[in-house]
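Where a number appears in this text, it was derived from the coordinates with a stated rule and is not lab data. As the structure is a prediction and not an experimental result, all values here were calculated from the model. Cβ placement follows ideal geometry from the backbone for every residue including glycine, while neighbour counts extend to all protein chains displayed.
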Amino acid sequence: MTKMLASVADLAEAEIAVSGGADIIDLKDPKAGALGAAATEIIRQAVQAVAGRRATSAVCGDLPMEPETIRAKAEEVAATGVDYVKIGFFPSANAAACAEALAPLAARTKLIAVLFADREPDFYLLDVFAKQGFHGVMVDTADKARGRLLDHLPPERIPAFVNRARALGLQVGLSGSLEAPDIPRLLPFSPDFLGFRGALCDQSQRTATIDAEAVKHIRSLIPEERQTGRSASVDYRLLAARGYSPGAVDPTLGTDSIFVRDFVLPVQIGAYSFEHGHTQKVRFDVTADVLRVTKNPEDMRHVFSYDIIMDGIRAIIARGHVELSETLAEQVAAHVLEDPRVVRVKVRVEKLELGAGGVGVEIERRRASEKPALKPTAQPEKTQDAVHGHGKKGLTR
């Protein structure tokens, strides 16, 4: 289950976040930096006011990477009774020593290490955090004026971070000026929690007061439950409960075509030896026919974001060399069809450096319709999706 973490500045905001459905109430001072520490007494009072209705966390502040300084502050915050203590780890030769100094506290308190996407985070520290007994790790942004998380940690890099943390037994959080459109892009990575501040505030100003309707809006975009046994992808049956995918489809609503055109990326592709060891420009054109879920779309639950298509393409090519254009097209089509709202997808892949204009392949894939169970005497039916390959298909290796 992906939880919603709401950063609050005081008791009044904490109550708004609880009422709005946030899973974790995170105490900080937004006016004092990315990890500005709230006063210890405010943290203690908030923990008592929340009284176990939600989990609580608090940050230790933007501290210098000095082991004793960090240990002392972390001990102080832990003494307030919060469930989680968040410690920022800025680039420093002392980072590992700071983590080691926190090992005794980690044995009795859930510590969350925070790395910063806009400060060249050292993901090798994940091994250090796991060794010292940390409970989890999250990625945030230090300078809120320099963009959102995905501006510094693109979607194709997130799976490696999440998978490595999970392999080490660490909980995973993602934060950093996240907005509503970021949520459906990040849910497929199955983070343990997503953190918000600015998106919860009046006019999205992180130093303003939290707005109750904004909290409810963000809460509505994050599924509250997840079935076990699905570690790598979103359980769309649960997303359906919140409007991300259709339950009983009204056929009168029809479909919308969501498209990405002329999306050019450097790709390691080709079967010939001269095509190995470097990238070449590849153009992607993708059109997805998506079932509508409402006549009047109002938020991200009601649409299929084109960002999901582009994120998927980036993630696929980040895996490494692909021999065939056909393989790449199939992988893109399969990614798009993971969402049950998509009933048909057309993918065009063109290599732009091997001929005049381009050479490549265009495929069309449809969602397989469910078929009734076969009688024992019946001949087996083919259950593959309808397949159509057409268009320009030249040197596609």
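Label zone (GLU224, point 7 Å along Cα-to-C-beta; backbone nitrogen cut-off 11 Å) within the stretch 1-44: 20-23.
Taking 41 Å as R0, compute the FRET efficiency from the Cβ-Cβ separation of PHE263 and GLU68 and round it to 0.05.
My answer for the efficiency is 0.20.
Secondary-structure-derived ellipticity at 222 nm for the chain, considering helices only, amounts to -7500 deg cm²/dmol, per-run term -39500 (n - 2.57) for DSSP H runs with n ≥ 4.
Between LYS281 and ARG146, what length comes free when the chain is fully extended (0.36 nm per residue of separation minus the Cα-Cα distance, one decimal in nm)?
Gain in length upon complete extension: 45.7 nm.
Taking every DSSP beta bridge that has both ends in the chain, the antiparallel portion is near 50%.
With 0.36 nm allotted per residue and the present C-alpha distance subtracted, the THR327-LEU352 stretch has 7.3 nm of extension available.
Report the calculated FRET efficiency for GLU41 and THR255 (r = Cβ-Cβ distance, R0 = 56 Å), to the nearest 0.05. Efficiency computed from Cβ-Cβ geometry: 0.50. Each part gets one Cα centre, and for the stretch 303-360 versus the stretch 1-74 those centres are 41 Å apart.
For the peptides 329-338, 19-28, what is the packing order when you average, over each peptide's residues, the other Cβ atoms within 10 Å and list the highest mean first?
Values: 329-338: 20.1, 19-28: 22.3.
Taking the mean over residues of other Cβ atoms within 10 Å, the ranking is 19-28, 329-338.
In the stretch 1-43, which residues have a backbone nitrogen under 15 Å from the label point lying 7 Å from GLU76's Cα in the Cα-to-Cβ direction? Flagged as within label range: 28-29, 36-43.
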